[in-house]
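Structure, as C-alpha cells:
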Amino acid sequence: MEFPKLHVVKQEFGKPCELNVRQTVVDELQRSGWLNLMRPGQTVVITAGSRGVACMTEVLNAVVSWVKSLGATPLILPATGSHGGGTARGQVEVLHHLGQNEESLGAPLYNRLDPIVVGEVEGCPVYADRAAVEADHIILVNRVKEHTEFIGGFESGLIKMAVVGLGRIAGAEVMHQLAVRISYVRAIEAMARVLFARLPVRGGLAILEDKANHVRRIEAVPAAAVFEREPELLREAQRHHAALPFERLDVLLVDEIGKEISGAGFDTKVIGRIMNIYEKECERPRITRIALRDLSKKTGGNAIGVGLADYVHRRVVEKMDSEMTALNCITAVAPEKGRIPISLPSDRQLLEAALRSIGMWTLPSVRLAWIVNTSNLEQLAVSPALAEEAHAKGLAVGDAGFPFPFDAAGELPGLQRVFQDFGPLKKQFKRSVESGVRP
C-alpha cells in the first residue's frame, strides 16, 4: 500500500505564563483564610492525584512547606481512586512514577487503605479513608479540566477529587455505580456534599493550565465556595483546552495512551469518543479509525482506553497489565474501555488496516493525522488534504511532504523523535512559516 506523504503542522498555543508556582501557592494559601484555622501539632491531609500535571510536585511541596511553617503536620494522601491496582502499595507507586515521594514533597505518603462509611446518598454509602476522617484539616489539590467520562457543569476538579480521592477505591466504585442510575454529575455532587459536611475539608487549590499543559494560574477556593466556583473555573479551563484543529478525520495515528495523560488513557474530548453507556457522546470531532501504537512508560501497564481505538500495535497488548486494566475499567463501570481491538505486528500493518477500513480514498483526499498523545497537540503530522485545510485556517504548515519513516521491519520511530531528529524538516518548517508557502 502506498501511504500519503506527511506535513508538519503547528498550532500556535502562545508562550507559557511565567508563573512563580511556589510564590503563587503561598500567596493563595495566605489569601484563603485557612491560616487562622490551623494550629501547631494538628494533622493536615493533602491530596495527590495520579494525573501527569507538570507543576504538581512543586505545588504539593509548597503546600507542605506552608503547613510546616504553621507547626502543623502534613500527610500526603494518594487520592487515586482505583489506580495502582487499587492497593495501598500500588497507589504509592503511582505517585513515585510521577516523581512524588517523601523526599520531593517533604512529607510522608500515607501507605494504608482504610475506607470508612461517613454517610449515605440514595441508599449508597459515602466513603472516606480513615486518614481523612481523623485529620484535623484537609486540603484538596487538583487540576480543573474537562472530564473524560461525562459532560456537565463541573467535571474534573476539586469536587471529584473529594469523592474519588478521599474515598479511594471504595469511593470510586460506589460513585460510578450510583452514576449508572442518576448520572455522573448528580452522583459526584451528592456524595461530595456529604463529604464536605462530614469532613474537615477547608477547600482546595485549583490548578489551571494552558493548551500546552503549562500551569497558567492557581486559585485557592474555600470549602464554602467550591460548588459555586468550580463551574466557573471549568468554563475558564475549557477556553484553554487543546484540541485537534480538524472536525473530521479518516485516520488518527496515536503514539501512546496512559493514565498520566488522561483518566481514560485518551483524552476523550480530543478524540470525540467517550464510549460510556450512560453518558452522551461528543458531537465532534468525528474520527473514522483510531490506530494506537504504544502505552506510555508512566502508565505502568494500565491500558484503560485501549478499547477506544480500532486497531493497536501488538506491543500494546504485550505491555498491558490485564488485572490492573480490568480493575480500573470495572471500577469506572466502563468495561468497553478495556476491550482489546484487533492487534497487528507492525506499524505498517497497523496503518494499512486502518486505511483499508475507511471506505474509498486517494492519496490527495485521505484525511490522516499522527499525534504523540492527546495531551501533546501543539505539533502534529498530517496528510496533504489536512495540510491544505490547516493552511486555510492560518496554521503554520511545513512546505515539503515527507514519507512515513518506516524501518526495514515496518516500524516507526515515535513522532517526537521524528520532530527532533529529522533536521531537514526543521528547516523546511522554518521556511514555510517565514514565507507562508502553501503545501
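The values are calculated or read from the model by the stated rules, or taken from the named source; none is laboratory data. The model shown is predicted, which means the values in this text are computed figures rather than measured ones. Backbone-built Cβ (ideal geometry, glycine too); neighbour counts: all protein chains shown. Each accessible area value is taken on the protein alone, full model and side chains, heavy atoms only, with ligands, DNA and RNA left out. Shrake-Rupley method; radii C 1.70, N 1.55, O 1.52, S 1.80 Å.
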(request) Could you list all residues from the range 241-269 that are open to solvent by less than 20 Å² (accessible area, probe 1.4 Å) and touching a Cys at 6+ places or on another chain (Cβ under 9 Å)? (result) Thr268
(request) Would you be able to say whether some residue in the range 352-373 is under 28 Å from Ala172 (Cα atoms) and hydroxyl-bearing (Ser, Thr, Tyr)? (result) no
(request) Determine the pairs where a residue that is among the aromatic types (Phe, Trp, Tyr), located within the range 385-403, has a partner that is surrounded by fewer than 17 Cβ atoms within 10 Å (Cβ to Cβ) and in a helix (DSSP H, G or I) with Cβ atoms under 9 Å apart, the partner being 6 or more residues away or on another chain. (result) Phe402/Pro424
(request) Note down all Cβ pairs under 9 Å where the first residue falls in the range 334-345 and is free of Cβ contacts under 8 Å to residues at least 60 places away in the same chain, the second is of a type in the set (Asp, Glu) and part of a loop (DSSP other than H, G, I, E, B), and they're at least six residues apart or on different chains. (result) Pro341/Asp310; Ile342/Asp310
(request) Tell me the helices (runs of 4 or more DSSP H) entirely within the range 340-439 that contain at least 1 residues that are at pLDDT below 95 and open to solvent by 70 Å² or more (accessible area, probe 1.4 Å). (result) 415-421, 423-435
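Can you tell me which residue is nearest to the chain's Cα centre (by Cα) among those in the range 1-27 that are assigned to a strand (DSSP E or B) and not hydrophobic (A, V, I, L, M, F, W, C)?
Here is the first cut: in the range 1-27, the residues assigned to a strand (DSSP E or B) are 6-10.
The next check asks that each one be not hydrophobic (A, V, I, L, M, F, W, C); those that pass are 7, 10.
Values: His7: 27, Lys10: 21 Å.
My answer is Lys10.
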(message) So, in the range 28-58, how many residues would count as being outside any loop (DSSP other than H, G, I, E, B) and either free of Cβ contacts under 8 Å to residues at least 60 places away in the same chain or farther than 18 Å from Leu166 by Cβ (or both)?
(response) 9
(message) I'm trying to understand the selection: among the residues of the range 16-27, which are farther than 17 Å from Val64 by Cβ and in contact (Cβ under 8 Å) with a residue 12 or more places away in the chain?
(response) Pro16, Cys17, Leu19
(request) Identify all residues within the range 155-187 that are open to solvent by less than 10 Å² (accessible area, probe 1.4 Å), farther than 24 Å from Thr57 by Cα and in contact with an Asp or Glu (Cβ under 8 Å, 6 or more places away or on another chain); write none if there are none. (result) Leu178, Tyr184
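Inside the range 273-286, can you point out the residues that are surrounded by 21 or more Cβ atoms within 10 Å (Cβ to Cβ) and either at pLDDT 95 or above or closer than 23 Å to Asp347 by Cα (or both)?
So in the range 273-286, the residues surrounded by 21 or more Cβ atoms within 10 Å (Cβ to Cβ) come out as 273-274, 276.
Within the range 273-286, Arg273 is the sole residue that qualifies.
For Gln42, state whether it is surrounded by fewer than 16 Cβ atoms within 10 Å (Cβ to Cβ) and out of contact with any strand residue (DSSP E or B) (no Cβ under 6 Å at 6 or more places or on another chain). Write out each step before concluding.
Numbers: surrounded by fewer than 16 Cβ atoms within 10 Å (Cβ to Cβ): no; out of contact with any strand residue (DSSP E or B) (no Cβ under 6 Å at 6 or more places or on another chain): yes.
The answer is no for Gln42.
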(request) Check off (1) over 30 Å from Asp27 (Cα atoms); (2) outside any loop (DSSP other than H, G, I, E, B); (3) polar (S, T, N, Q) for Ser82 and give me the number that stays unchecked. (result) (2)
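For the range 94-121, which residues satisfy the criterion of being of a type in the set (Val, Ile, Thr), in contact (Cβ under 8 Å) with a residue 24 or more places away in the chain and either surrounded by fewer than 17 Cβ atoms within 10 Å (Cβ to Cβ) or closer than 10 Å to Ile76 by Cβ (or both)? Can you show your working first?
Here is the first cut: in the range 94-121, the residues of a type in the set (Val, Ile, Thr) are 94, 116-118, 121.
Among the residues that remain, those that are also in contact (Cβ under 8 Å) with a residue 24 or more places away in the chain are: 94, 118, 121.
Residues satisfying the conditions do not exist here.
Given the condition open to solvent by 40 Å² or more (accessible area, probe 1.4 Å) and within 19 Å of Gly152 (Cα to Cα), answer yes or no: does some residue in the range 193-210 qualify? Lay out the reasoning, then the answer.
Step one: filter the range 193-210 for residues open to solvent by 40 Å² or more (accessible area, probe 1.4 Å), giving 193, 197-198, 202.
Right, trim to within 19 Å of Gly152 (Cα to Cα) and you get 193.
Yes, the range 193-210 has at least one match.
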(message) Looking at (1) open to solvent by 10 Å² or more (accessible area, probe 1.4 Å); (2) farther than 20 Å from Thr148 by Cα; (3) at pLDDT 95 or above, which one does Val312 not meet, given that it meets all the others?
(response) (1)
(request) Answer yes or no as to whether Ser65 is at pLDDT 95 or above and more than 17 Å from Leu140 (Cα to Cα). (result) no
